[in-house]
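Have a look at the structure below, then the notes.
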Amino acid sequence: MTALKNDRFLRALLKQPVDVTPVWMMRQAGRYLPEYRASRARAGDFMSLMMNPEFACEVTLQPLDRYPQLDAAILFSDILTIPHAMGQGLYFETGEGPRFRKVISSAADIEALPIPDPEQDLGYVMDAVRTIKSALNGRVPLIGFSGSPWTLATYMVEGGSSKDFRKIKAMLYDQPEAMHALLDKLAQSVTAYLNGQIRAGAQAVQIFDTWGGNLSSAAYQTFSLAYMQKIVDGLIREQDGRKIPVILFTKNGGLWLESIAATGADALGLDWSCDIGEARRRVGHQVALQGNMDPTVLYAKPAAIRAEVARILDSYGNGTGHVFNLGHGITPEVDPVHAGAFLEAVHELSAAYHR
């Protein structure tokens with residue numbers, strides 16, 4: 001096992017002492033980087049880029065090569081790999097995002113869905129994890145990830161992105177038994193998928209519950225959080241003698257921090273609508289916190305970015321248990337110089353909080 005040269009990300013997730021607040025960015029390998037756009041052009045399209053382990057490794061490492069301040073790498077993939085492996089036929093429509101050739105609309109459709117085998121049906125992801133882990137050679141930890149069952153289900157029932165989630169919410173209220181059957185299959189699939197990534201070399205995992213915040217409080221507990229709880233309960237939590245931290249991120253989930261923290265996850269991801277100091281007062285004794293700068297701050301000048309970093313660090317306060325991140329993914333129009341200013345500010349300004 002290769003020793004980690006920089007483990008402050010993992011240490012912070014486990015609330016152990018660190019020298020500076022670790023930082024990474026959701027969607028840090030992406031279209032804002034010219035080198036990523038060049039790789040995607042060579043691959044031909046997004047699916048070809050994502051499903052080729054060598055390309056996935058190449059673009060995973062690009063932000064690390066540009067920004068030495070990054071304290072973690074995240075697997076380059078997509079949350080919709082599991083539905084694709086279930087036979088839904090993922091494709092990307094220019095200007096419209098992900099679409100599925102098959103749409104779930106009945107209990108019979110759900111009954112027919114297989115639970116994918118990570119190595120057989122999603123082997124290209126496991127090969128990417130192994131390839132990236134080898135290429136990193138202990139430089140920083142590698143994060144694996146998946147979408148949450150509820151978030152995956154929204155795409156499978158809606159057929160793609162949705163503004164109002166009318167189809168899946170109608171199914172949730174009209175056919176709750178069918179919805180539970182779908183979410184249970186997805187929870188089993190996500191658990192196996194993340195455990196496959198851990199066995200292949202991922203040193204932490206994050207569950208992206210992008211659309212959980214669109215549910216009512218009661219529906220969130222029943223149809224989103226309950227299934228993330230099943231996943232947390234089924235994950236490998238130690239591998240190669242090291243703990244494997246689990247991060248749960250529900251966008252717009254600030255109302256439910258106590259419930260999310262009670263799952264046994266090691267860290268909660270926060271979007272920018274939640275004050276991180278208040279979140280620490282509510283649940284910081286139980287979990288680490290990850291976040292939570294508004295990604296659009298990166299459109300501002302470096303001085304303004306630095307001021308916002310300082311504000312968030314001050315809100316969190318002294319001590320460990322904070323992984324600095326954006327409140328959601330970095331957007332394609334961001335100037336890479338601004339992203340660099342953000343990362344530099346986090347390390348420089350956070351040192352005072354760890355003395």
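What do you reckon, is ALA339 open to solvent by 20 Å² or more (accessible area, probe 1.4 Å) and among the aliphatic types (A, V, I, L, M)?
Criteria not met by ALA339.
For every residue, the table says whether it meets (1) touching a Ser or Thr at 6+ places or on another chain (Cβ under 8 Å); (2) not hydrophobic (A, V, I, L, M, F, W, C).
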residue: ARG11; (1), (2): yes, yes
residue: LEU14; (1), (2): no, no
residue: PRO34; (1), (2): no, yes
residue: ARG40; (1), (2): no, yes
residue: ALA43; (1), (2): no, no
residue: PHE46; (1), (2): no, no
residue: MET50; (1), (2): yes, no
residue: PHE55; (1), (2): yes, no
residue: LEU75; (1), (2): yes, no
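Taking region 302-355 as the region of interest, how many residues are of a type in the set (Phe, Trp, Tyr) and over 22 Å from the mean Cα position of the chain (by Cα)?
1
Mind listing just one residue for me: the one in region 141-171 that is out of contact with any helix residue (DSSP H, G or I) (no Cβ under 6 Å at 6 or more places or on another chain) and under 21 Å from MET50 (Cα atoms) and, of those, surrounded by the most Cβ atoms within 10 Å (Cβ to Cβ)?
The selected residue is TYR155.
If GLY284 satisfies all but one of (1) touching a residue at least 60 places away in the same chain (Cβ under 8 Å); (2) over 15 Å from the mean Cα position of the chain (by Cα), what's the number of the condition it fails?
Every listed condition holds for GLY284 apart from (1).
Write out, first by first residue and then by second, each pair whose Cβ atoms fall under 6 Å of each other, whose residues are 6+ apart or on separate chains, and whose first residue, in region 170-189, is at negative phi while the second is assigned to a helix (DSSP H, G or I) and open to solvent by 50 Å² or more (accessible area, probe 1.4 Å).
That search, which allows pairs on different chains as well, returns ALA178/ALA107; ALA187/LYS230.
Can ASN195 be described as open to solvent by 10 Å² or more (accessible area, probe 1.4 Å), in contact with an Asp or Glu (Cβ under 7 Å, 6 or more places away or on another chain) and either at pLDDT below 95 or not aromatic (Phe, Trp, Tyr) (or both)? Before the answer, list the steps.
Details: open to solvent by 10 Å² or more (accessible area, probe 1.4 Å): yes; in contact with an Asp or Glu (Cβ under 7 Å, 6 or more places away or on another chain): no; either at pLDDT below 95 or not aromatic (Phe, Trp, Tyr) (or both): yes.
Judged against the criteria, ASN195 is not a match.
In region 129-140, which residue that is assigned to a helix (DSSP H, G or I) and more than 14 Å from GLN62 (Cβ to Cβ) is least open to solvent (accessible area, probe 1.4 Å)?
VAL129
Output the residue which, of all residues in region 41-63 that are of a type in the set (A, V, I, L, M, F, W, C) and out of contact with any helix residue (DSSP H, G or I) (no Cβ under 8 Å at 6 or more places or on another chain), is least open to solvent (accessible area, probe 1.4 Å).
From region 41-63, those of a type in the set (A, V, I, L, M, F, W, C) are 41, 43, 46-47, 49-51, 55-57, 59, 61; that's our starting set.
Cutting the leftovers down to out of contact with any helix residue (DSSP H, G or I) (no Cβ under 8 Å at 6 or more places or on another chain) gives us 41, 47.
Numbers: ALA41: 79, MET47: 34 Å².
The residue in question is MET47.
I'm told LYS163 meets every condition in (1) closer than 28 Å to THR60 by Cα; (2) modelled with pLDDT under 95; (3) basic (Lys, Arg) except one. Can you identify the failing condition by its number?
Of everything listed in (1) closer than 28 Å to THR60 by Cα; (2) modelled with pLDDT under 95; (3) basic (Lys, Arg), LYS163 misses just condition (1).
Determine, yes or no, whether VAL125 is assigned to a loop (DSSP other than H, G, I, E, B) and open to solvent by less than 40 Å² (accessible area, probe 1.4 Å).
no
Just to verify a result, which residue in region 171-216, among those that are touching a Pro at 6+ places or on another chain (Cβ under 9 Å) and among the hydroxyl-bearing types (Ser, Thr, Tyr), is farthest from ASP266 (Cα to Cα)?
Going through the qualifying residues, I end up with SER189.
Name the pairs whose Cβ atoms lie under 8 Å apart, with the first residue in region 34-59 and closer than 13 Å to TYR124 by Cβ, the second acidic (Asp, Glu), and 6 or more positions between them or separate chains?
What qualifies is MET50/ASP78; PRO53/ASP127.
Contact list please: Cβ distance under 8 Å, first residue in region 88-117 and at positive phi, second residue exposed (fewer than 12 other Cβ atoms within 10 Å of the Cβ), pairs at least six apart or on different chains.
Close Cβ pairs satisfying both conditions: GLY89/ARG101.
Taking the criterion of being at pLDDT 95 or above, open to solvent by less than 10 Å² (accessible area, probe 1.4 Å) and part of a helix (DSSP H, G or I), would at least one residue in region 317-336 satisfy it?
no
Are any residues in region 64-84 of a type in the set (A, V, I, L, M, F, W, C) and either crowded, with 22+ Cβ neighbours inside 10 Å or assigned to a loop (DSSP other than H, G, I, E, B) (or both), and if so, which ones?
Here is the first cut: in region 64-84, the ones of a type in the set (A, V, I, L, M, F, W, C) are 64, 70, 72-76, 79-80, 82.
The answer is LEU70, ALA72, ALA73, ILE74, LEU75, PHE76, ILE79, LEU80, ILE82.
PRO98 passes all but one of (1) under 27 Å from TYR227 (Cα atoms); (2) at pLDDT 95 or above; (3) in contact with a Phe, Trp or Tyr (Cβ under 7 Å, 6 or more places away or on another chain); which number fails?
That leaves (2) as the condition not met.
Can you confirm whether ALA307 is assigned to a helix (DSSP H, G or I) and open to solvent by 10 Å² or more (accessible area, probe 1.4 Å)?
On the way: assigned to a helix (DSSP H, G or I): yes; open to solvent by 10 Å² or more (accessible area, probe 1.4 Å): yes.
So ALA307 passes the test.
The values are calculated or read from the model by the stated rules, or taken from the named source; none is laboratory data. These numbers come from a predicted model, not from an experiment. Counting neighbours? That spans all protein chains shown, and the Cβs are built from the backbone with ideal geometry, glycine included. Keep in mind that these areas ignore ligands, DNA and RNA; they rest on the heavy atoms of the full protein, side chains included. Shrake-Rupley method; radii C 1.70, N 1.55, O 1.52, S 1.80 Å.
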